[in-house]
Amino acid sequence: MIFKRTVVVIVLIGIPATPAAKDAQNSKLPIVEAVVIEGNRVISTGDLRRLMYTRTDPWYGIFPGADERRFDSLVFRSDVNRIAAHYRDLGYLEAVVDTVVERYRPGFVRIRVRIKEGGPVVVSDVRLEVLPADTAVDSVRLVSGLKTRPGRPLTRMGREADLKLISDRLQNDGHAFARVVAQVSRRGDVAHVRYLATPGPVCRFGSVRIEGNQRVSKGLIHRGLTFREGDAYRKKDLLDSRLQLHRSEAFRSVSVSLPDSVEMVSPVDVSIVVRERPPRRLKLGAGFDTEEKLRGLLAWRHRSFMGGDARQLNFESSASALEVMARVGVRQPYILGSRTWLELTGFVEQERPKEVRVKRGGASAALERTFRATGRVVFEARTEVVEFALDSTRATFSVEYLEDRRDDVFDPQRGLLAELAVRAAGFRQFLKVSGEARWYRRLFWKSVLALRVSGGLVLNEGSIEAIPSFERFFAGGSNSVRGWRLNRLGPRDAKGEPLGGRSVLEGSIEVRARLLPGFGLAAFMDAGAVGTDRYAAFEPRRMRVAAGVGVRYLNPISPLRLDFAYRLSDDPGEPRRRVFFSLGQAF
């Protein structure tokens, strides 16, 4: 009988509580009416609150269905431990976190968090010891640029960054099995930091083992690697090879690593595990904004065209109020090494704005070469027939360099994007130079500062009439100076239609703030100028300015934005206010 009762108890404990039972348990917990934090100087109150799950009800808690913030002693204890650990991470090892929970009336509590920060533990000296001592390494270079320095607080993040920095430098010098540990000795508020590095042997790359490929040949994967068997080992080559294989767009995931082994000898074998993408993809899309109106997209891609060399066949077509386009192309990775791609494209397109209205068709050949992890240069030769008239055939050659260090393509929070392009047609007949730079940095309160500067000029001789309309510069619109309609900023003809120009200069500054999950606000100022002379747009007196505010819906795909712009400069031909609705950030 005792055994049966014991079994019954165990079974009941193993049954998870139903949602109704959980709600009943939570309803017995008191509601958090106030959380007060005192004594903090180093860490802001807002940052401390974000470390806590125990909070007061948000302002939207008055609406039906919103969860009430109730006091759970176990959760609150973990909040306090998290705050203390954060102070220790910043070097405040003597910080004390006291709490008072006041049950001033039935069903409600007030919480007071009192912090005694004390002073930080300061680094006295930092040393690097290499074991064995006679190992030929440049110790001075290994410790240059460390985060942990004399006179600074002793932080966990600093030590972790230093360990990674020293280890990476040793591994990029050929020491594949380098190990680095940190030792800290403390006396009062002073700490002595010692890093112990064991470089191990200088290694070379050995054989490469490839797993997971089905359609993509091993030969293509070998061509995508930035190292060969017998080359000096560098950790950077493993990271670069992984990036180059990803850029082929043939794989969902790529892992490039050293196999687990107790032997630390050269040469070092490399293990590559890939997971392929489906060979074919069909994409249908539709959208709407104030300039393109309704836009449709149809795209089809074959990632294993004519064999297993990740050769892509792409077809894309789209139509909107601004453009109708169809394009088919073949893209081949790893033509002249792991960093070079070749793309051949045929196209037919029509630009619909009346100031640049044109139809053309043709073909292009582009050779793309990547540098490091963020830069690439593209050489392109293009032949096209304008208005489909044989006597309007033109050939252009262009060189473009792009540096992209943004943390996100659609909604960047930090980083840099810089682009410079030079395009020529004929011999000394047409030369067009354009460039753009964007910079992003995080600010306080989950806000982002975004800056943009762009410009260009046409260097050919002659008047503006000698330049085709579709090669001139225009400004104004949802992604330009937002106080003007699309292409309406700049010189106009007698009928008030935009002429375009030989030079353009634009700049924007925007502060983006996230208020609620999924929603944000933005404040911006745009400026720009278009000139019919070669350098006219760069004269300060020609600049036209607009400012405004916007609302952002930050969905997982791409932000939706609604901008309200107000023109600050005089322009009798344009309304004072503009409203733009679009997909994606302005820049």
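The values are calculated or read from the model by the stated rules, or taken from the named source; none is laboratory data. Because the structure is predicted, anything quoted here is derived from the model rather than measured. Ideal geometry is used to build each Cβ from the backbone, glycine not excepted, and the neighbour counts take in all protein chains shown. Heavy atoms of the whole protein, side chains included, go into the accessibility calculation; ligands, DNA and RNA do not. Shrake-Rupley method; radii C 1.70, N 1.55, O 1.52, S 1.80 Å.
What pairs come up if the first residue lies in the range 151-163 and is over 14 Å from S124 (Cβ atoms), the second is in a helix (DSSP H, G or I), and their beta carbons are under 7 Å apart, counting only those six or more places apart or on different chains?
Cβ pairs passing all conditions: T155/D89; R156/D89; M157/D89.
Modelled with pLDDT of 95 or more and either surrounded by 15 or more Cβ atoms within 10 Å (Cβ to Cβ) or part of a strand (DSSP E or B) (or both), is that true of L243?
Numbers: modelled with pLDDT of 95 or more: no; either surrounded by 15 or more Cβ atoms within 10 Å (Cβ to Cβ) or part of a strand (DSSP E or B) (or both): yes.
So L243 fails the test.
Just to be sure I understand the filter: pairs with C-beta atoms under 9 Å, separated by 6 or more residues or on different chains, first member in the range 203-228 and free of Cβ contacts under 8 Å to residues at least 40 places away in the same chain and farther than 21 Å from D260 by Cα, second member among the basic types (K, R) and outside any helix (DSSP H, G or I). Which pairs pass?
Final answer for the pair search is H222/R228.
Can you name every residue in the range 162-203 that is of a type in the set (V, I, T) and under 31 Å from the mean Cα position of the chain (by Cα)?
I166, V180, listed by residue number.
Name every residue in the range 349-365 that is open to solvent by 30 Å² or more (accessible area, probe 1.4 Å), closer than 23 Å to I464 by Cβ and in a strand (DSSP E or B), in order of residue number.
E351, K359
Looking at the range 366-408 only, could you name the residues that are more than 32 Å from the chain's Cα centre (by Cα), open to solvent by 40 Å² or more (accessible area, probe 1.4 Å) and either within 30 Å of P556 (Cα to Cα) or among the β-branched types (V, I, T) (or both)?
Residues satisfying the conditions are T383, T393.
With under 23 Å from V458 (Cβ atoms) and surrounded by fewer than 14 Cβ atoms within 10 Å (Cβ to Cβ) as the only criterion, which of P540, P556 stands out?
P540
Residues that are without any contact (Cβ under 8 Å) to a residue 60 or more places away in the chain, open to solvent by 30 Å² or more (accessible area, probe 1.4 Å) and within 22 Å of A437 (Cβ to Cβ): does the range 523-530 have at least one?
Yes: the range 523-530 contains one or more residues that are without any contact (Cβ under 8 Å) to a residue 60 or more places away in the chain, open to solvent by 30 Å² or more (accessible area, probe 1.4 Å) and within 22 Å of A437 (Cβ to Cβ).
Select from the range 409-418 the residues that are open to solvent by 40 Å² or more (accessible area, probe 1.4 Å) and modelled with pLDDT under 90 and list them in ascending order.
Within the range 409-418, V409, F410 qualify.
Go over the candidates I115, I111 one by one and state the one that is β-branched (V, I, T), touching a Gly at 6+ places or on another chain (Cβ under 6 Å) and closer than 30 Å to D57 by Cα.
Answer to the check: I115.
In the range 552-573, which residue that is among the charged types (D, E, K, R) and outside any loop (DSSP other than H, G, I, E, B) is nearest to F288 (Cα to Cα)?
Top of the filtered list is R561.
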